[in-house]
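Structure record follows, encoded as structure tokens.
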Amino acid sequence: MCIICISEKGTPQPTTEQIKTMFRNNPHGAGYMVARNSAVEIHKGFMELGDFLRQLEREQFTSDDVVVYHFRISTQAGVTPEMTHPFPLTSSLDRCAKLDVICPCGVAHNGIIRMTSGISDKYSDTALFITDYMHKLIRRPSDLHDSAILEMLETLIGSKMGVPHMLNTIMKTAHDLLLNTCFYLMAICVITGA
């Protein structure tokens, strides 16, 4: 299952050794999204550890940055830079496949979304779920706080943890625990630039 590592504002970023461990355990590509200037910047498609480390070095993230890192294990759509996470929240599969995107909202997921699994050889279940369903449910940042919308997402994804519980856990859980457990449970992570 993919690994999602979240560094919220006020927590240290993962160390180089932690990044190396996550990449080596999930070697099918990596990416990250960062909330910056009232938007979300997504950079993904890093298929080699060295390329990813050099990019992170250029970024110079600090504890003031909100960053979501994603390390992929492919279950669908092959091992391609375009299907690494995160993805923008969009109705366009072409936009999901872009390696560098600035958008209002970014999405990373680990696990398999059954309702969109096995439909395409080119696009992952997550990309299909975002473009077919999620973008219709989350239309503005306030929708991320709407319990009915979040419950619908939880039901559609089939997650036992669900978006509201996962976000609450992220905010209350120690950074080391997040890295040690590496989110080896089905979860979805969404950040907005707002």
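Tabulated data for the structure shown
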| quantity | calculated |
| --- | --- |
| In the range 40-73, the residues that are aromatic (F, W, Y) and assigned to a helix (DSSP H, G or I) | F52 |
| Boolean, G111 is small (G, A, S), touching a Cys at 6+ places or on another chain (Cβ under 9 Å) and on the phi < 0 side of the Ramachandran plot | no |
| The range 122-160, subset part of a loop (DSSP other than H, G, I, E, B) and touching a residue at least 40 places away in the same chain (Cβ under 8 Å), residue surrounded by the most Cβ atoms within 10 Å (Cβ to Cβ) | S124 |
| Selected residue (criterion: nearest to E8 (Cα to Cα)) from residues of the range 21-48 that are modelled with pLDDT under 95 and among the small types (G, A, S) | A35 |
| Among the candidates G111, G106, residue that is open to solvent by less than 50 Å² (accessible area, probe 1.4 Å) and under 19 Å from E41 (Cβ atoms) | G106 |
| Any chance R58 is among the basic types (K, R) and surrounded by 13 or more Cβ atoms within 10 Å (Cβ to Cβ) | no |
| Given (1) over 21 Å from T116 (Cβ atoms); (2) open to solvent by 10 Å² or more (accessible area, probe 1.4 Å), number of the condition Q76 does not satisfy | (1) |
| The lone exception for F183 - which of (1) out of contact with any Gly (no Cβ under 8 Å at 6 or more places or on another chain); (2) modelled with pLDDT of 55 or more; (3) not acidic (D, E) it fails | (2) |
| The one condition in (1) open to solvent by less than 10 Å² (accessible area, probe 1.4 Å); (2) free of Cβ contacts under 8 Å to residues at least 40 places away in the same chain that T15 fails to fulfil | (1) |
| Candidate set: the range 26-52, residues that are hydrophobic (A, V, I, L, M, F, W, C) and surrounded by 19 or more Cβ atoms within 10 Å (Cβ to Cβ); chosen: the one nearest to V101 (Cα to Cα) | I42 |
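The values are calculated or read from the model by the stated rules, or taken from the named source; none is laboratory data. All of these numbers come straight from a predicted model, not from anything done at the bench. Every residue, glycine among them, receives a Cβ derived from its backbone with ideal geometry; neighbour counts consider all protein chains shown. Note: accessible area is taken over every heavy atom of the protein model, side chains too, but ligands, DNA and RNA are not part of it. Shrake-Rupley method; radii C 1.70, N 1.55, O 1.52, S 1.80 Å.
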